[in-house]
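The values are calculated or read from the model by the stated rules, or taken from the named source; none is laboratory data. Given the structure is predicted, the values throughout are model-derived calculations rather than measurements. Note: ideal-geometry Cβ built from the backbone for every residue, glycine included; neighbour counts use all protein chains shown. What goes into the accessible areas is simple: the full protein's heavy atoms, side chains included, and nothing from ligands, DNA or RNA. Shrake-Rupley method; radii C 1.70, N 1.55, O 1.52, S 1.80 Å.
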Amino acid sequence: MNKTTISIPKILISLIVYFTLPLSAAWLNQFVDSMTITYTLIFSAAALVLVSLNWDVFSLHLRRFTGNIKDGLLFTVICFIAIVLLQFASHFVLHPGPVELEREILLHYTFFIPVMVLAYSVCYALSFTLAFKIFVDRIHLQVSESMTILISGFLFGFLCTASLLPATFDLFVRQFGYFFLTSTLASYAYNQTHSIIPMTLAYSLVLLGNILLILL
């Protein structure tokens, strides 16, 4: 992993926002009575706060991506294929019960569709990958590259799972399996390209594809 570029206060604020916002879902849902709208607000707010606080980091990763566009696109394709496979595994094997868009809400609030689609694809993917980068920024492990990737994926995946407060241990295990694999892929792509953009693009496209399938 690269040397740290983020101050400790920014790391703490960013991670508190990212991991605690999902905990407020049940409380927020009292006011809107729709988990789709609630998570639209949560995903949008998380992305806005993280990017605003860490614009220098995000812009640096954009420059790294454009500065080595060939490798960036290659790993975007690799991540895209891996996430598609993970989505199939999630649907047919893991069944983690992740937060999903409600088709009825999409069709009912047609004027709100662009905001919900953006929140559930780009905002979700961007906040996930940026939060991962922030989380690992000060972690320096004296182990092999492969172990660093696995350990960082394990730790971040665990926190992502815990932030959703799974109702049962079985659900916790299944959700952890999903987030561990996704986090490990993000760790691998970041380790290879030193940029979060390939994983962000790939994840956004796959999530966008999921939304289109819901609308069909």
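Only residues that are polar (S, T, N, Q) and open to solvent by 40 Å² or more (accessible area, probe 1.4 Å): list them for region 159-178, please.
Residue satisfying the conditions is Thr168 alone.
Just a yes or no: is a residue in region 44-66 at negative phi, exposed (fewer than 15 other Cβ atoms within 10 Å of the Cβ) and within 16 Å of the chain's Cα centre (by Cα)?
yes
Any idea which residue in region 142-158 is most open to solvent (accessible area, probe 1.4 Å), counting only those that are without any contact (Cβ under 8 Å) to a residue 40 or more places away in the chain and over 16 Å from the mean Cα position of the chain (by Cα)?
Gln142
Just to be sure before I move on: is Ala82 under 25 Å from Ser14 (Cβ atoms), open to solvent by 30 Å² or more (accessible area, probe 1.4 Å) and among the small types (Gly, Ala, Ser) in the structure I sent?
Against the criterion (under 25 Å from Ser14 (Cβ atoms), open to solvent by 30 Å² or more (accessible area, probe 1.4 Å) and among the small types (Gly, Ala, Ser)), Ala82 does not qualify.
When you scan region 38-138 for helices (runs of 4 or more DSSP H) that lie fully inside it, which ones turn up with 1 or more residues that are among the acidic types (Asp, Glu)?
Qualifying helices (runs of 4 or more DSSP H): 55-67, 69-89, 103-108.
Return the residues of region 179-195 that are farther than 23 Å from Pro166 by Cα and surrounded by fewer than 21 Cβ atoms within 10 Å (Cβ to Cβ); say none if nothing qualifies.
Asn191, Gln192, His194
Specify the residue that is farthest from Tyr188 (Cα to Cα); the eligible residues are those in region 104-135 that are more than 18 Å from the chain's Cα centre (by Cα) and surrounded by 14 or more Cβ atoms within 10 Å (Cβ to Cβ).
Only one residue fits best here, namely Tyr109.
Do any residues in region 168-181 that are small (Gly, Ala, Ser) have Cβ atoms under 8 Å from those of residues that are open to solvent by less than 60 Å² (accessible area, probe 1.4 Å), where the two are at least six apart or on different chains, and which pairs are they?
From region 168-181, the pairs are Gly177/Leu94; Gly177/Pro96.
Anything in region 139-163 that is outside any helix (DSSP H, G or I) and more than 22 Å from Val51 (Cβ to Cβ)? List them, or say none.
His140, Leu141, Gln142, Val143, Ser144
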